[in-house]
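Notes follow once the structure below has been shown.
The values are calculated or read from the model by the stated rules, or taken from the named source; none is laboratory data. Because the structure is predicted, anything quoted here is derived from the model rather than measured. A quick note on method: Cβ atoms are made from the backbone with ideal geometry, for glycine too, and the neighbour counts reach across all protein chains shown.
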Amino acid sequence: MKHGQTIVFIGKKDGDHVMIEAIAKVVSSWRSANIAVKCGVWTGHYEGQFLVGELGKFGKEIEDFRDRVKAAAVLNSLEHYLQIKLSGEGHGPVHVSGEARGLVEADRTE
């Protein structure tokens, strides 16, 4: 990993997963990120936008969840490109739910 590069990877490389790779360039407090999702037979890759700090906050929540068995870690991006929630009941299984999408329907122009 390059210095300063932010990558969040949830799941298994050869199984269901979500990968968020932040692009270093920041424009007007927004950071682009490459997003890859695999869920069953469905896969998708797209670019999303996150406010600066959204991914770092989520990463910190994941660390707290892992280290302190926190009840949940949530990424709820302002532009709704990606929403993820990790939850658990202690040292057992972790439940992951979420939604991934490109442009919000109302933002699309035809």
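The table that follows gives values for the structure above.
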item: From the options 37, 26, 41, residue that is within 12 Å of residue 100 (Cβ to Cβ) and out of contact with any Pro (no Cβ under 9 Å at 6 or more places or on another chain); result: 37
item: Residue that is surrounded by the fewest Cβ atoms within 10 Å (Cβ to Cβ) [pool: residues in region 8-18 that are modelled with pLDDT of 90 or more and touching a Gly at 6+ places or on another chain (Cβ under 8 Å)]; result: 16
item: Failed item in (1) under 28 Å from residue 93 (Cα atoms); (2) touching a residue at least 40 places away in the same chain (Cβ under 8 Å), with residue 40 passing the rest; result: (2)
item: Scope region 28-79; condition of a type in the set (D, E, K, R), surrounded by 15 or more Cβ atoms within 10 Å (Cβ to Cβ) and more than 20 Å from residue 12 (Cα to Cα); matching residues; result: 31, 54, 70, 79
item: Members of region 65-80 that are among the aliphatic types (A, V, I, L, M) and on the phi > 0 side of the Ramachandran plot; result: 69
